[in-house]
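Below you'll find the structure, written out as structure tokens, and then a few comments.
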Amino acid sequence: RKEVEQDPGPFNVPEGATVAFNCTYSNSASQSFFWYRQDCRKEPKLLMSVYSSGNEDGRFTAQLNRASQYISLLIRDSKLSDSATYLCVVNAGGADGLTFGKGTHLIIQP
Amino acid sequence: SQTIHQWPATLVQPVGSPLSLECTVEGTSNPNLYWYRQAAGRGLQLLFYSVGIGQISSEVPQNLSASRPQDRQFILSSKKLLLSDSGFYLCAWSQGPGGYEQYFGPGTRLTVT
């Protein structure tokens, strides 16, 4: 079983729409959760951390469901510049750092 | 503020040649450092991580090695490159072990021919 699973997409979404991604993780001991954004041929960049109570940053909302072991990312009023691959990232508390999903590819269409 | 540098940005090397990629971090002390590889169309694979000078942990057995000669310097090396070593190599740092968010350098795109 993969440790962090994401739908690879692509998700083709019209500009201005709302889009949501889910990600599931296998290790119930996971303590830290993040969403990263990676543009084509660029390095991943931290988008937001995911807290147990859920958190919002502008048009982006992240939620954590520990019971079902999934994380979600909601993007409202999507912009062309939101086109990217979104990586779900989880840590189980070990010193070796974070486990990255393979990403969900999002394409915002004009 | 902290910044992380990697070089070179792009590299084309023949099979069997050596490799040395360098990563340096500025604006922080005693960071955790990581080397990842991202093959075309695939996810990030953790290769090595380091919690301090001279301390290297390997995640994947292969013909690559890593060294940390200074607190904020992390080097990835190979004595003889294989075709399968092609990929996007990313260095990252975090403030502590495990659950801290990581920040990535711009990466080195390596093509082995």
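The values are calculated or read from the model by the stated rules, or taken from the named source; none is laboratory data. Note that the structure is predicted; figures quoted are calculated from it, not measured. Neighbour counts run over all protein chains shown; Cβ positions are idealised from the backbone, glycine included. Keep in mind that these areas ignore ligands, DNA and RNA; they rest on the heavy atoms of the full protein, side chains included. Shrake-Rupley method; radii C 1.70, N 1.55, O 1.52, S 1.80 Å.
Among the candidates B:Y100, B:Y89, the residue that is of a type in the set (S, T, Y), in contact with a Ser or Thr (Cβ under 9 Å, 6 or more places away or on another chain) and modelled with pLDDT of 95 or more is uniquely B:Y89. Show the residue pairs meeting these rules: Cβ distance below 6 Å; 6+ apart or different chains; first residue within region A:29-45 and over 25 Å from A:L64 (Cβ atoms); second residue small (G, A, S) and surrounded by fewer than 21 Cβ atoms within 10 Å (Cβ to Cβ). Within 6 Å, no pair qualifies. Only residues that are part of a loop (DSSP other than H, G, I, E, B) and open to solvent by less than 60 Å² (accessible area, probe 1.4 Å) were counted in region B:37-53, giving 2. Of the residues in region A:37-52, none is open to solvent by 60 Å² or more (accessible area, probe 1.4 Å) and either under 10 Å from the mean Cα position of the chain (by Cα) or more than 14 Å from every other protein chain (Cβ to nearest Cβ) (or both).
Within the option set B:P18, B:P69, B:P61, being modelled with pLDDT under 95 and over 16 Å from A:P44 (Cβ atoms) holds for one residue only, B:P61.
Which one of B:S65, B:S57, B:S77, B:S84 is open to solvent by 10 Å² or more (accessible area, probe 1.4 Å), in contact (Cβ under 8 Å) with a residue 40 or more places away in the chain and not in a loop (DSSP other than H, G, I, E, B)? Give the derivation first.
On the way: B:S65 fails: in contact (Cβ under 8 Å) with a residue 40 or more places away in the chain; B:S57 fails: in contact (Cβ under 8 Å) with a residue 40 or more places away in the chain; B:S84 fails: in contact (Cβ under 8 Å) with a residue 40 or more places away in the chain.
After ruling out the rest, the residue left standing is B:S77.
Every condition in (1) surrounded by 14 or more Cβ atoms within 10 Å (Cβ to Cβ); (2) among the β-branched types (V, I, T); (3) touching a Lys or Arg at 6+ places or on another chain (Cβ under 8 Å) holds for A:T18 except the one numbered (1). Give the residue that is farthest from the other protein chains (Cβ to nearest Cβ), with candidates limited to residues of region A:71-89 that are surrounded by fewer than 18 Cβ atoms within 10 Å (Cβ to Cβ) and not in a loop (DSSP other than H, G, I, E, B). So, considering only residues that are surrounded by fewer than 18 Cβ atoms within 10 Å (Cβ to Cβ) and not in a loop (DSSP other than H, G, I, E, B), the one farthest from the other protein chains (Cβ to nearest Cβ) is A:L80.
Summed over region B:15-36, the residues that are open to solvent by 30 Å² or more (accessible area, probe 1.4 Å) and within 29 Å of A:P8 (Cβ to Cβ) give a count of 0. Does region B:89-103 include one or more residues that are more than 21 Å from A:S32 (Cβ to Cβ) and either assigned to a loop (DSSP other than H, G, I, E, B) or touching a residue at least 24 places away in the same chain (Cβ under 8 Å) (or both)? Among the residues of region B:89-103, at least one is more than 21 Å from A:S32 (Cβ to Cβ) and either assigned to a loop (DSSP other than H, G, I, E, B) or touching a residue at least 24 places away in the same chain (Cβ under 8 Å) (or both), which makes the answer yes.
Residue-wise test of (1) at pLDDT below 95; (2) over 23 Å from B:E59 (Cβ atoms).
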| residue | (1), (2) |
| --- | --- |
| A:Q31 | yes, no |
| A:S49 | yes, yes |
| A:K79 | no, yes |
| A:V90 | yes, no |
| A:F100 | yes, no |
| A:T104 | no, yes |
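Within this structure, A:A92 passes the test of being out of contact with any Lys or Arg (no Cβ under 7 Å at 6 or more places or on another chain), closer than 23 Å to B:W35 by Cβ, open to solvent by 30 Å² or more (accessible area, probe 1.4 Å) and of a type outside the set (D, E, K, R).
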